[in-house]
Amino acid sequence: MANQYKLTKAGIEELQKEYRHLIDVVRPDVIEQLSNARAQGDLSENADYDAARTRQAETEGRIKEIENILDHVVLISDKDKANEKNVRVSIGDIVTVEKEDGKTAYYRIVGTIEADPINNKISDVSPLGSKLIGKRVNDVVSVTIRDRVTKYKIVSIA
C-alpha cells in the first residue's frame with residue numbers, strides 16, 4: 001500500500017500551485033536553457049549544459065514527487081468544533097496552549113508535508129503535535145526535548 005499524505009485544503013492548493021508553476025514556467029525555461037547550451041557545441045566540457053541537465057533532473061524529480069503526493073493525498077477537514085462538547089484535538093485543528101510561564105501560543109496540527117514550525121504549523125508526529133492529538137481542553141501534556149520537560153495546557157481547540 002502506498003503512503004498516504006495528510007494535507008489541509010490550503011496545503012493541497014499550494015502543492016497544485018507549485019505543480020502548475022513547475023509545468024508552465026520552470027520546465028519550458030529549462031528546455032530553453034538546454035537548447036541554448038546545445039547550440040554552443042561540444043557538450044563534453046559545457047558547464048551550461050551540465051547545469052541545465054541538473055536543473056532539469058531536479059525539476060522533473062519535484063514534479064514526480066508532487067504527482068505522487070497528490071495521487072495519495074488524504075484531505076484534512078477544516079471543520080468548526082467551537083460548539084461541540086468533549087472535542088478532542090485532531091489533525092487540521094488550531095490548538096491554543098498555555099505554557100508553564102503563562103504565555104499562550106497557538107499551533108495548527110498538520111501532516112508532515114505541510115509542517116512549518118516558523119508559521120505555527122506543527123506535524124501530528126512532532127513531539128508536541130503527537131502529544132496534543134486526542135487530548136481535550138484543559139488537558140495538560142508534557143513534552144521532553146533535549147532532556148528538558150515543558151508542560152502545555154490546552155486552552156482551546158478550533
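Checked against the criterion of being within 30 Å of V125 (Cβ to Cβ), outside any helix (DSSP H, G or I) and of a type in the set (S, T, N, Q), region 8-20 contains one or more residues that satisfy it.
Restricting to region 92-107, name every residue that is in a strand (DSSP E or B) and closer than 19 Å to T150 by Cβ. If the condition is that a residue be in a strand (DSSP E or B) and closer than 19 Å to T150 by Cβ, then V95, T96, V97, E98, K99, T104, A105, Y106, Y107 are the ones that fit.
Scan region 64-117 for residues that are under 15 Å from E14 (Cβ atoms), of a type in the set (A, V, I, L, M, F, W, C) and at pLDDT below 85 and the total you get is 2.
Here E45 meets the list (1) more than 16 Å from I113 (Cα to Cα); (2) at pLDDT 85 or above; (3) not assigned by TED's automatic domain parsing to the domain that holds A115 almost entirely, failing just condition (2). Under the condition of being in a loop (DSSP other than H, G, I, E, B) and of a type in the set (A, V, I, L, M, F, W, C), which residue from region 110-144 is surrounded by the fewest Cβ atoms within 10 Å (Cβ to Cβ)? Once the filter is applied, the top-ranked residue is V125.
For I76, are the conditions met, namely being touching a Lys or Arg at 6+ places or on another chain (Cβ under 6 Å) and within 23 Å of T112 (Cβ to Cβ)? Please lay out each step first, then the result.
Values: touching a Lys or Arg at 6+ places or on another chain (Cβ under 6 Å): yes; within 23 Å of T112 (Cβ to Cβ): yes.
Against the criterion (touching a Lys or Arg at 6+ places or on another chain (Cβ under 6 Å) and within 23 Å of T112 (Cβ to Cβ)), I76 qualifies.
Within region 40-51, is even one residue assigned to a helix (DSSP H, G or I) and either β-branched (V, I, T) or over 30 Å from Y19 (Cβ atoms) (or both)? Among the residues of region 40-51, not one is assigned to a helix (DSSP H, G or I) and either β-branched (V, I, T) or over 30 Å from Y19 (Cβ atoms) (or both), which makes the answer no.
The values are calculated or read from the model by the stated rules, or taken from the named source; none is laboratory data. Keep in mind that this is a model prediction, so the values were computed, not measured. All Cβ positions, even for glycine, are placed from backbone atoms using ideal geometry, and neighbour counts span all protein chains on display.
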